[in-house]
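A.B. asks: Before I ask anything, here is the structure I am working with.
The values are calculated or read from the model by the stated rules, or taken from the named source; none is laboratory data. Because the structure is predicted, anything quoted here is derived from the model rather than measured. For neighbour counting, all protein chains shown are included, and Cβ atoms are generated from backbone atoms with ideal geometry for every residue, glycine included.
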Amino acid sequence: MMTTPEQPKVVRKKLFSPVWLLPIIALALGAWLGIKSIRESGIDVRVHFPSATGIDVSKTLVRYKGLNVGKVVDISIDDQLKGVNVDLVLDYRAGNLLKDSTKFWLVTPKATITGVEGLDALFSGNYIGMLPGDGDYRDHFEAERESPAIVPSEDGLVVELKADKLGSLDVGSPIFYRQIPVGNIVSYHLDEKHHIQLKGFVQHQYAHLVKQDSRFWNVSGVRVDASLAGIKVDTESIASILAGGVSFSSPDASKEAESEQLYQLYNNEKEAHGGASFLLTAKSADGIKIGTDVVFRDLPVGEVEELRLTEDGVAIHVRMDTPYSELIGGTAEFWTEGAQLSLSKISHPERLISGNVIRFSPGTGAAQTEYPLLSSAPELDGNPLKLTLHADNNPGAAVGAEIRYRNVTIGQVTGVNLAKDFSQVNVEVEIEAPFKNLVTQGSDFIVQPPVQVNASLDGIEIKGTDVGNLTKGRIDLRPGNGAALTADATLPIYESAEQAQLAQQQAQQLTWQLYSSSVAVNPGSDVYYKKMKIGQVAGVKWQAEQDQFAISLAIEHTYQSLLNERSIFWPTEALTIDGGLGGVNVAVAPLSGILKGGISLGLLDESASDNHLLYASKSLAERQSVPFTLQLPVNSAMKAGADIRYLGNSVGTIAQVHLADDLQSLRASAYIDGRFADQLLRSDSQYRIEDAELSLRGVKNATAVLTGPFISVTPGKQTTRADSFAVQAADDGIDNGNPLQLSLVRAELGSIKQGTGIFYRGILIGKVAQYQLADSGDHVVINAIIAERYRHLINASSRFFDLSGIKVDAGIFSGVQIDAGSVETILTGGIGVATEHPATAAEQLPQQFELADKPEEKWLSWSPTL
């Protein structure tokens, strides 16, 4: 048996074995680990310190905002032997913190009166603090000798304070506002002029209290003022006694401060609120010392703060209190005054112990920085200043009323009378000689009421006054900044400070004139733009010739751009409700606008047709509606708010309806939408009263059932335009043309009334105009009219019968027979008419037709061709 040799199998060797993936993966993983190790190996930084005290290798950490960002890896002495080089390794993510102005310093525990600095170093040991800065990247730094100023990380306001000396202030000293701590001092240093520069931080919730005109003063320690009048001790708080402190105040009208704004730090509150500072020069300081009072009418208004020698004598530094600094003018005079002893009287004996005082007389013009100190009182002109004050009405001034300045009597009223032309009231006053310089051009006189009542939503405040005001009256002077008065000068007098302020504002505001057929505002009412007050109503006057009101507006200059060709005006609406499927939008006017009334201003996208018209509402203003007048029948039920419609579409509105002067008609102020004014205000346009009409034939003017009657308009064809139209009564077509008038008689009136229809074959052809009892009293006469187009239906053969109601005829054998007209005549009544044959040529209508109670059967069968 032969065997076949087996053929060898040839196997192709694979070019790549999966085993080789392992070393490739290992190589890639090793490369990634190497790169990661190099990348995260840290950043080497060298910081030069004066000494290595408190620094340990591998123990001292580097911190930024409480986070460990590195550690000390080596310490070595520098080449100049002036310190040590401390090598740090920082986290690789801290690279963007290393800039030219980045700072490093050693933090160690430090206890002061204001607190403990570096408290965490007590537990974790000393560490190196880090504060990033700006500039280019660098890796070597010089350590700070002291901790830099670090502003708290939370939001707040940083302010710069400048002072001549530090006092007991330190880092951490509190900043007070009305004795409430609102911040603290974070750093201080000497500037290039050797002044103390402090940096303060005010917490975010109090930052708005710091204004651009705020005043800061030092409240450190205790201030003691001892004199013969007693001892006065002044301090802010126990904390400020121990650690020092700064306080500040802010005017309400000032704008909020900017970050790092610079302020002067005053030594005390009195200096901060300042007043006038000036020098008095004298040959000697006899009787004058630091603390000597400056008095005005025996009232202390300032004091001497400093005395120093000069080449010619003595310079006396005086500071006036703020409320009285306005008394100092360019012509003010100062002199010394001590105790006065004589056989006739003794004045101010207490000055024998306390020393002399400095008295002065007020002056006018710009205040000077230096005045001579006189040794005795100057000779004053003893003649008083006589003035005439004017007002439209007597503001409440009476003869003998006192003229006061800062509650000091400076004159009185000598007369009150009418001007020669009776156009105003003149108040004659006399100002005492020492105070003549207080009155200049621009000065105001304001009458003060004996009792002031201020009512608001917060309650009612009642302020009384002194007995002199109750018995004599009082007028306060508000000095001006103008030139000296001339011999014939007159000044205004106001009945209140508000009126004076309003007059002053109006003098500085823009004037804008409006006109309106009616008015709901008064002088003093506010003008608003988007609910923001921009001015006031300056005056309202009636113009009889134009039959309209003239309204003057006083608008602040800031809002001058709002007064242009696109401006529109309307009365401020107390409550506006805009409802729809999307919900109800309720808008409420400002409270002052609700109480006093007001005017709102808006701007159109295009030029307004009349930017001096006060529209009746916002919607009319926005639609640029054109005003005109309508004359209506006196018995029409038209009301304000009624629509003016064209083919059922609203094109205008009735703004106001009132009885005309002749008592025979109504006069309505109306508006037409500006888009349709040219077509609908043509001289031959027709306006008609329309009202709801309910009948079985349908409902006419159904919307009038809810809204009341309205006006329909038919455009005219003339090119001339009119602004007044006579409105026609509702038209049923019967009164037009030449209707037929006839009389009907019957024994009883029945259900007939004025307006009852007359029907021919169920068609309305006339109506009852009126009815009355005959002179004989035995029948009723009904006056009827037949429309012109139906008068040919009536002739001598015509018969009239009552269609009203339902007639029931019942009998035992005949049964019940019901006779009724149409449903409409059952409900509304009516008169039927039937005609037997056409009229002959010479036939005349009888003077009266008999009105039958019901038609005869043959009447209903008549059907002549008429």
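A.B. asks: Looking at region 786-811, which of the residues that are polar (S, T, N, Q) and at pLDDT 85 or above is surrounded by the fewest Cβ atoms within 10 Å (Cβ to Cβ)? So that I can check it myself, show each step before the final result.
C.D. replies: Step one: list which residues in region 786-811 are polar (S, T, N, Q), which gives 795, 797-798, 804.
Restricting the remaining residues to those that are at pLDDT 85 or above gives 795, 797-798.
On the way: N795: 19, S797: 15, S798: 20.
The residue in question is S797.
A.B. asks: Quick one: which residue in A616, A637 is at pLDDT below 85, surrounded by fewer than 18 Cβ atoms within 10 Å (Cβ to Cβ) and in a loop (DSSP other than H, G, I, E, B)? Even if it seems obvious, please write down each step before you answer.
C.D. replies: Numbers: A616 fails: surrounded by fewer than 18 Cβ atoms within 10 Å (Cβ to Cβ).
The conditions single out A637.
A.B. asks: Working carefully through the options I38, I55, find the one that is at pLDDT 85 or above, closer than 27 Å to Y137 by Cβ and either out of contact with any Cys (no Cβ under 6 Å at 6 or more places or on another chain) or in a loop (DSSP other than H, G, I, E, B) (or both).
C.D. replies: Numbers: I38 fails: at pLDDT 85 or above.
Unique residue meeting the criteria: I55.
A.B. asks: Among the residues of region 156-174, is any at pLDDT 85 or above and among the basic types (K, R)?
C.D. replies: Yes, because at least one residue in region 156-174 is at pLDDT 85 or above and among the basic types (K, R).
A.B. asks: Taking L647 as meeting all but one of (1) crowded, with 18+ Cβ neighbours inside 10 Å; (2) more than 36 Å from the chain's Cα centre (by Cα); (3) hydrophobic (A, V, I, L, M, F, W, C), write down the number of the exception.
C.D. replies: With respect to (1) crowded, with 18+ Cβ neighbours inside 10 Å; (2) more than 36 Å from the chain's Cα centre (by Cα); (3) hydrophobic (A, V, I, L, M, F, W, C), L647 is out only on (1).
A.B. asks: Out of the residues in region 513-539 that are β-branched (V, I, T) and more than 10 Å from the chain's Cα centre (by Cα), which is modelled with the highest pLDDT?
C.D. replies: Of region 513-539, the ones β-branched (V, I, T) are 519, 521, 527, 534, 537.
When the remaining residues are screened for being more than 10 Å from the chain's Cα centre (by Cα), the result is 519, 521, 537.
Numbers: V519: 75, V521: 82, V537: 88.
It comes out as V537.
A.B. asks: Let me ask something else about it. If you take just the strands (runs of 3 or more DSSP E) that sit entirely in region 468-567, which of them hold at least 2 residues that are in contact (Cβ under 8 Å) with a residue 40 or more places away in the chain and among the hydroxyl-bearing types (S, T, Y)? First the steps, then the outcome.
C.D. replies: Numbers: elements: 474-478, 490-494, 510-516, 526-529, 532-543, 548-555.
The strands (runs of 3 or more DSSP E) meeting that bar are 490-494, 510-516, 526-529.
A.B. asks: Of all residues being assigned to a loop (DSSP other than H, G, I, E, B) and among the aliphatic types (A, V, I, L, M) in region 812-866, which is modelled with the lowest pLDDT? Just the residue, please. Working first, answer last.
C.D. replies: Residues of region 812-866 that are assigned to a loop (DSSP other than H, G, I, E, B), as a first pass: 812-814, 821-822, 829-830, 836-848, 853-858, 862-866.
Filter again for among the aliphatic types (A, V, I, L, M), leaving 812, 839, 841-842, 845, 866.
Details: I812: 47, A839: 85, A841: 76, A842: 75, L845: 88, L866: 76.
If we take residues in region 812-866 being assigned to a loop (DSSP other than H, G, I, E, B) and among the aliphatic types (A, V, I, L, M), then I812 is modelled with the lowest pLDDT.
A.B. asks: Continuing with the same structure: Under 6 Å between Cβ atoms, at least 6 apart or on separate chains: pull out the pairs that start in region 608-636 with a residue that is of a type in the set (D, E) and end on any residue that is crowded, with 18+ Cβ neighbours inside 10 Å.
C.D. replies: So the pair list comes out empty.
A.B. asks: Please tell me if E370 is modelled with pLDDT of 85 or more and surrounded by fewer than 13 Cβ atoms within 10 Å (Cβ to Cβ). Walk me through how you get there before you give the answer.
C.D. replies: Numbers: modelled with pLDDT of 85 or more: yes; surrounded by fewer than 13 Cβ atoms within 10 Å (Cβ to Cβ): yes.
Yes, satisfied.
A.B. asks: Looking only at region 200-213, decide whether some residue is under 29 Å from G291 (Cβ atoms) and either buried (at least 18 other Cβ atoms within 10 Å of the Cβ) or modelled with pLDDT of 85 or more (or both).
C.D. replies: Checked against the condition, which is being under 29 Å from G291 (Cβ atoms) and either buried (at least 18 other Cβ atoms within 10 Å of the Cβ) or modelled with pLDDT of 85 or more (or both), region 200-213 yields no hits at all.
A.B. asks: In this structure, does V301 turn out to be surrounded by fewer than 18 Cβ atoms within 10 Å (Cβ to Cβ), aliphatic (A, V, I, L, M) and in a strand (DSSP E or B)?
C.D. replies: Judged against the criteria, V301 is not a match.
A.B. asks: Residue under question is G762, and the condition is that it be in contact (Cβ under 8 Å) with a residue 12 or more places away in the chain, loosely packed, with under 13 Cβ neighbours inside 10 Å and farther than 30 Å from Y671 by Cα; does it hold?
C.D. replies: Details: in contact (Cβ under 8 Å) with a residue 12 or more places away in the chain: yes; loosely packed, with under 13 Cβ neighbours inside 10 Å: yes; farther than 30 Å from Y671 by Cα: yes.
It is true that G762 is in contact (Cβ under 8 Å) with a residue 12 or more places away in the chain, loosely packed, with under 13 Cβ neighbours inside 10 Å and farther than 30 Å from Y671 by Cα.
A.B. asks: Still on this model: Those residues that are of a type in the set (K, R) and touching a residue at least 40 places away in the same chain (Cβ under 8 Å), I need them from region 383-426; list them, please. Please lay out each step first, then the result.
C.D. replies: Within region 383-426, the first condition is being of a type in the set (K, R), and the residues that meet it are 386, 404, 406, 420.
Passing the criteria: K386, R404, R406.
A.B. asks: Can you tell me which residue is surrounded by the fewest Cβ atoms within 10 Å (Cβ to Cβ) among those in region 765-783 that are among the hydrophobic types (A, V, I, L, M, F, W, C), in contact (Cβ under 8 Å) with a residue 12 or more places away in the chain and more than 13 Å from L851 (Cα to Cα)? Outline the logic, then answer.
C.D. replies: Taking region 765-783 as the starting set, the residues that turn out to be among the hydrophobic types (A, V, I, L, M, F, W, C) are 765, 768-769, 773-774, 780-782.
Still in the list and also in contact (Cβ under 8 Å) with a residue 12 or more places away in the chain: 765, 768-769, 774, 780-782.
So of that shortlist, the ones also more than 13 Å from L851 (Cα to Cα) come out as 765, 769, 774.
Numbers: I765: 20, A769: 16, A774: 11.
Across region 765-783, the extreme among qualifying residues is A774.
A.B. asks: May I ask you to list the residues in region 181-198 that are hydrophobic (A, V, I, L, M, F, W, C) and either in contact (Cβ under 8 Å) with a residue 12 or more places away in the chain or not assigned by TED's automatic domain parsing to the domain that holds L262 (or both)? Steps first, answer last, please.
C.D. replies: Within region 181-198, the subset hydrophobic (A, V, I, L, M, F, W, C) is 182, 185-186, 190, 196, 198.
Answer for region 181-198, where residues must be hydrophobic (A, V, I, L, M, F, W, C) and either in contact (Cβ under 8 Å) with a residue 12 or more places away in the chain or not assigned by TED's automatic domain parsing to the domain that holds L262 (or both): V182, I185, V186, I196, L198.
A.B. asks: Can you spot a residue in region 648-663 that is touching a strand residue (DSSP E or B) at 6+ places or on another chain (Cβ under 7 Å), more than 29 Å from A550 (Cβ to Cβ) and modelled with pLDDT of 85 or more? Can you show your working first?
C.D. replies: So the first thing to find is which residues in region 648-663 are touching a strand residue (DSSP E or B) at 6+ places or on another chain (Cβ under 7 Å), and the list is 650-660.
Add one more test, that the residue is more than 29 Å from A550 (Cβ to Cβ), and what stays is 650.
Those left that are additionally modelled with pLDDT of 85 or more: 650.
Yes, region 648-663 has at least one match.
A.B. asks: From the list L98, L90, L61, which one is surrounded by 14 or more Cβ atoms within 10 Å (Cβ to Cβ), at pLDDT 75 or above and more than 19 Å from E142 (Cβ to Cβ)?
C.D. replies: L61
A.B. asks: Please determine, by comparing only the residues of region 304-327 that are touching a Phe, Trp or Tyr at 6+ places or on another chain (Cβ under 7 Å) and modelled with pLDDT under 80, which one is surrounded by the fewest Cβ atoms within 10 Å (Cβ to Cβ).
C.D. replies: Filtering region 304-327 for residues that are touching a Phe, Trp or Tyr at 6+ places or on another chain (Cβ under 7 Å) and modelled with pLDDT under 80, the one surrounded by the fewest Cβ atoms within 10 Å (Cβ to Cβ) comes out as Y324.
A.B. asks: Could you please find all residues in region 262-297 being closer than 24 Å to V219 by Cα and over 38 Å from the mean Cα position of the chain (by Cα)? So that I can check it myself, show each step before the final result.
C.D. replies: Residues of region 262-297 that are closer than 24 Å to V219 by Cα, as a first pass: 262-277, 290-293.
Once the filter is applied, which keeps residues that are closer than 24 Å to V219 by Cα and over 38 Å from the mean Cα position of the chain (by Cα), region 262-297 yields N267, S277, I290, G291, T292, D293.
A.B. asks: Taking region 488-504 as the region of interest, how many residues are surrounded by fewer than 17 Cβ atoms within 10 Å (Cβ to Cβ) and more than 15 Å from S443 (Cβ to Cβ)?
C.D. replies: Summing the residues that are surrounded by fewer than 17 Cβ atoms within 10 Å (Cβ to Cβ) and more than 15 Å from S443 (Cβ to Cβ) in region 488-504 gives 3.
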